[in-house]
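Participant: Handing you a structure now.
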Protein chains: 2
Amino acid sequence: MSSRPEVTMAQRKRQLVSNELSEAALQLLALKGFDAVTIDEIAATAGVSKRTFFRYFASKEDVVVQFLADMGTGMRAALASRPIEEQPSASLRHTVWVSMAACADHSDRALRVVQLILRTTALRARFLEHQDQWRDDLAAELAQRLGLDADTDLYPQLAAGMALTAFDAVLQRWSGSDGAEDPAALTDRAFATIAPALDSVE
Amino acid sequence: MSSRPEVTMAQRKRQLVSNELSEAALQLLALKGFDAVTIDEIAATAGVSKRTFFRYFASKEDVVVQFLADMGTGMRAALASRPIEEQPSASLRHTVWVSMAACADHSDRALRVVQLILRTTALRARFLEHQDQWRDDLAAELAQRLGLDADTDLYPQLAAGMALTAFDAVLQRWSGSDGAEDPAALTDRAFATIAPALDSVE
DNA sequence: TAACTACTTGACACCGAGTGCCATGTACGG
DNA sequence: CCGTACATGGCACTCGGTGTCAAGTAGTTA
């Protein structure tokens, strides 16, 4: 009854508050450590109330990790966009590479976020939760592409898991080297190792 | 200056309270769902105070997941006990198999615990945290066995990740089938898929 | 038996995360 | 100018988790 595709002012304001919040959170968390920062503190820094914080983010972890939510569907879409004739290892390699590229692009910010996540227990746990969801998504897409039954065949789940294992390893090296190592090269090396298992069809 | 290797009565009492607590927790959590049960409730059922609960378990999740803590060192030990000449896929297959067997043994209880963990978000997150730790342990052991540098070579981390991916898939099927499917057969099938990547040394 | 030590427990106060509720303010459409 | 829809802040409340202290109990020594 009312929603115009136009960007209303309320929406822009909402976006602004959201940015303000993530900005404040990221700075404080990286500076003082995850546990040493309260939500009241973050909210106050952003100039809003604690109650408002929770209208934008579901939890303290979410303010850092939220962007991972879309990444799962993004990966599935990336996989779906590959030609069906392509070898699974190539399709998955591309899928992982796209996600890594998304990180490496805005490397200044993304690198800091990733490092914060990987070194903070609570955040890492949320990251793993998301990754677990991605695996299901990728497995479903793989099963569909290959015409396999995901309930009997182990391959889709295993292949998705291997791809994400590679992703994890690459992300860890990349963050550990402060962004110095090349994500593309890392991805290729990782997939060179796991490919033999990915492509052993029959 | 006082600790005898004898089992003092205090220790037995302590063990008894611990059992009482896990028992109460498991029953209530499985019955009413993780979020619908408070710690006061669990403690009251076990006949102790909330404060005492936290003297035995670090968190609400821990009372269910605690036993996973040792499993990591157990897996590393299992891997370390394999002959060095053995192919990595065989060593890791055995490692995973041992852990699965530990579950399948006391299948009545273990099955219920695993099912509870896998279907509860908060518990699954803790499970993934532990698994993440296991991966580091396994990777370290693998690197040592193969004389690789874990900081440059991706193989140890990838191989450990693949093995745990297999473990995860097997566990999921086993729990999904209410223990009907054979863990050993499942493990073999999973490793048949990933083995080509594990053994492609050079 | 008395006294001293070590350990476990419960009660209480406290903090922080997260939620429900309600009153207020403010953009937008008629 | 008015009504609606929405964003916000304040407040009270629940629950997970921790620090502290006083009390109780088992085991030891004299």
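Participant: For region B:100-145, enumerate the residues that are modelled with pLDDT of 95 or more and of a type in the set (S, T, N, Q).
Facilitator: Matches in region B:100-145: B:Gln115, B:Thr120, B:Thr121, B:Gln131, B:Gln133, B:Gln144.
Participant: Among the residues of region A:137-159, what is the count of those that are in a helix (DSSP H, G or I), without any contact (Cβ under 8 Å) to a residue 40 or more places away in the chain and crowded, with 16+ Cβ neighbours inside 10 Å? Quick ask: steps written out before the conclusion?
Facilitator: Here is the first cut: in region A:137-159, the residues in a helix (DSSP H, G or I) are A:137-146, A:155-159.
Right, trim to without any contact (Cβ under 8 Å) to a residue 40 or more places away in the chain and you get A:139, A:143-144, A:155-158.
Checking which are crowded, with 16+ Cβ neighbours inside 10 Å leaves us with A:139, A:143, A:155-158.
Here the count works out to 6.
Participant: State which residue pairs qualify: first residue touching a residue at least 24 places away in the same chain (Cβ under 8 Å) and inside region A:55-76, second residue within 16 Å of DNA strand D (Cβ to nearest atom) and hydroxyl-bearing (Ser, Thr, Tyr) in any location, beta carbons under 6 Å apart, and separation of 6 or more residues or different chains.
Facilitator: Cβ pairs passing all conditions: A:Tyr56/A:Ser18; A:Val63/A:Ser22.
Participant: Determine the pairs where a residue that is within 11 Å of chain A (Cβ to nearest Cβ), located within region B:173-202, has a partner that is among the basic types (Lys, Arg) and buried (at least 16 other Cβ atoms within 10 Å of the Cβ) with Cβ atoms under 7 Å apart, the partner being 6 or more residues away or on another chain.
Facilitator: B:Glu181/B:Arg173; B:Leu186/B:Arg173; B:Thr187/B:Arg93; B:Phe191/B:Arg93
Participant: Going by the conditions given, is A:Pro156 farther than 22 Å from A:Val65 by Cβ, within 7 Å of chain B (Cβ to nearest Cβ) and more than 18 Å from the chain's Cα centre (by Cα)?
Facilitator: Numbers: farther than 22 Å from A:Val65 by Cβ: yes; within 7 Å of chain B (Cβ to nearest Cβ): no; more than 18 Å from the chain's Cα centre (by Cα): yes.
When the stated conditions are applied, A:Pro156 does not pass them.
Participant: Right, another one. Going by the structure shown, is A:Ser89 hydroxyl-bearing (Ser, Thr, Tyr), away from DNA strand C (no atom under 11 Å from the Cβ) and touching a Gly at 6+ places or on another chain (Cβ under 8 Å)? Walk me through how you get there before you give the answer.
Facilitator: On the way: hydroxyl-bearing (Ser, Thr, Tyr): yes; away from DNA strand C (no atom under 11 Å from the Cβ): yes; touching a Gly at 6+ places or on another chain (Cβ under 8 Å): no.
The answer is no for A:Ser89.
Participant: A:Ile84 fails exactly one of the following numbered conditions: (1) more than 12 Å from chain B (Cβ to nearest Cβ); (2) outside any loop (DSSP other than H, G, I, E, B). What is the number of that condition?
Facilitator: Exception for A:Ile84: condition (2).
Participant: A follow-up question, please. From the residues in region B:87-129 that are more than 14 Å from chain A (Cβ to nearest Cβ) and of a type in the set (Ser, Thr, Tyr), which one is farthest from B:Leu26 (Cα to Cα)?
Facilitator: Here the residue is B:Ser91.
Participant: Please find, within region A:51-67, the residue that is nearest to the chain's Cα centre (by Cα) out of those that are in a helix (DSSP H, G or I) and more than 14 Å from A:Leu116 (Cα to Cα).
Facilitator: A:Tyr56
This table checks each residue for (1) touching a Cys at 6+ places or on another chain (Cβ under 8 Å); (2) of a type outside the set (Ser, Thr, Tyr); (3) closer than 18 Å to B:Gly74 by Cα.
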| residue | (1), (2), (3) |
| --- | --- |
| B:Ala104 | no, yes, yes |
| B:Gln115 | no, yes, no |
| B:Arg119 | no, yes, no |
| B:Phe127 | no, yes, yes |
| B:Leu148 | no, yes, no |
| B:Thr165 | no, no, yes |
| B:Ser175 | no, no, no |
| B:Ala192 | no, yes, no |
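The values are calculated or read from the model by the stated rules, or taken from the named source; none is laboratory data. All of these numbers come straight from a predicted model, not from anything done at the bench. Neighbour counts run over all protein chains shown; Cβ positions are idealised from the backbone, glycine included.
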